[in-house]
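Let me begin by presenting the structure, written as structure tokens, before commenting on it.
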Amino acid sequence: TALTVWKVADKRKIYMADLESAVLYSLRIEAAVFPNLEGERLSALKDFVSVLVQHFAGQLVVKNYLYNLDLWLRPKTIVLQSEWEEALKNKKEFPNATLPERPQWVGCQGSKPQFRGFPCGLWTLFHHLTVQAACQKQSVSSGIPEVLPTMRGYIRNFFGCRMCAEHFEAMAAESMHEVQNRDEAVLWLWSRHNRVNARLAGTATDDPKFPKIQWPPKSFCPSCHYTSTDSSLQDGKKSMWDENRVLMFLKWHFSEKNIYMNSPL
Ligand code: FAD
């Protein structure tokens, strides 16, 4: 058995290996457990693949792979499990359109196998997609699905952690409809992720080497935080977010420019 090498990742960077691994895990594992795909579940999958084609800043070979998959999938009304597995295989005749065979977690590597990995990769991927969409110019009426409803559909129909999916669906049902534009979508996902972090901090799912914090910490983005004076509080001070600064930070952190292509070894 291969030894998993501990890689020291830079927490200020995004690793392409994590994004690609989240894509391959979602398509080849989570979407591949159903005897067939049809109806709402198939639509959710089509939206997910379209959003990836549109916004994922992947390497060219991966973008080509997703493009081919999207073309194949779009006209389908039902997809059998065997057809889906076949469609996902890397094909000899398309050497320039491939997805890695196995997930490799770098920024999302846990200190033990039960920690981090895919859920971390999936958050990272969807933050990246909301940021890419907010930084692109095409209009909302372009026919391309919006990232947040697509994420909601993915989580509801495919995410293996059903308890997580229920929590996420509750947050989505409560306020996702209030999101007015793509900048707000970036901030909505950030603030909901922080709610999840707050709920999970100190619980058994928390990797002790990667404690759940309200993110980004001051050390990453000092100007994202400010202290307001509030006379109703005992010490009169309350830590607040400057959401404009947070948005700027997220647009940098999850952008193409901050993706590290190679794994540290
Ligand atoms: P993660 O929370 O996975 O975060 C990944 C990376 O994103 C972090 O390392 C950090 O760099 C960055 N980050 C952290 N916070 C933010 C933020 N607010 N905005 C932007 N980037 C941020 N687990 C449960 O036990 N119960 C649940 O109900 C649950 N619900 C989930 C719902 C969804 C939609 C997803 C994708 C996962 C859910 N999980 C849940 C899993 C859990 O949230 C973590 O993904 C998992 O515990 C791994 O944590 P992590 O330390 O790798 O960091």
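The values are calculated or read from the model by the stated rules, or taken from the named source; none is laboratory data. For clarity, every value in this text was computed on a predicted model and none was experimentally measured. As a convention, Cβ positions derive from the backbone with ideal geometry for all residues, glycine included, and neighbour counts pool all protein chains shown.
Give the residue that is nearest to the ligand (Cβ to nearest atom), with candidates limited to residues of region 136-156 that are without any contact (Cβ under 8 Å) to a residue 60 or more places away in the chain and β-branched (Val, Ile, Thr).
By that ranking, first place goes to ILE155.
Need pairs with beta-carbon distance below 7 Å; first residue of a type in the set (Gly, Ala, Ser) and within region 157-168, second in a helix (DSSP H, G or I) and near the ligand (Cβ under 7 Å from one of its atoms); sequence gap 6+ or separate chains.
ALA165/ILE155
What's the number of the only condition in (1) touching a Ser or Thr at 6+ places or on another chain (Cβ under 7 Å); (2) surrounded by 11 or more Cβ atoms within 10 Å (Cβ to Cβ) that LEU250 fails to meet?
Looking at each condition in turn, LEU250 falls short on (1).
Cβ-Cβ distance below 8 Å, separation of 6 or more or different chains: which pairs start in region 110-126 with a residue that is under 16 Å from HIS253 (Cα atoms) and modelled with pLDDT of 95 or more and end on one that is surrounded by 18 or more Cβ atoms within 10 Å (Cβ to Cβ) and acidic (Asp, Glu)?
CYS120/ASP18; GLY121/ASP18; THR124/ASP18; LEU125/ASP18
Out of the residues in region 50-65 that are more than 15 Å from GLN132 (Cα to Cα) and crowded, with 19+ Cβ neighbours inside 10 Å, state the one that is farthest from the chain's Cα centre (by Cα).
The residue in question is TYR65.
Do we have any residue at all in region 124-135 that's within 7 Å of the ligand (Cβ to nearest atom) and either touching a strand residue (DSSP E or B) at 6+ places or on another chain (Cβ under 8 Å) or more than 22 Å from GLU256 (Cα to Cα) (or both)? Spell out the reasoning first.
Narrowing region 124-135 to residues within 7 Å of the ligand (Cβ to nearest atom): 124, 127.
Those left that are additionally either touching a strand residue (DSSP E or B) at 6+ places or on another chain (Cβ under 8 Å) or more than 22 Å from GLU256 (Cα to Cα) (or both): 124.
Scanning region 124-135 turns up at least one residue that is within 7 Å of the ligand (Cβ to nearest atom) and either touching a strand residue (DSSP E or B) at 6+ places or on another chain (Cβ under 8 Å) or more than 22 Å from GLU256 (Cα to Cα) (or both).
Would you confirm whether any residue within region 159-176 is more than 25 Å from ALA57 (Cα to Cα), more than 10 Å from the ligand (Cβ to nearest atom), among the acidic types (Asp, Glu) and assigned to a helix (DSSP H, G or I)?
yes
Could you count how many residues in region 164-189 are among the charged types (D, E, K, R) and either under 18 Å from ALA134 (Cβ atoms) or touching a His at 6+ places or on another chain (Cβ under 9 Å) (or both)?
Qualifying residue count, region 164-189: 4.
All but one of (1) touching a residue at least 40 places away in the same chain (Cβ under 8 Å); (2) surrounded by 17 or more Cβ atoms within 10 Å (Cβ to Cβ) hold for ARG192, so report the exception by its number.
(1)
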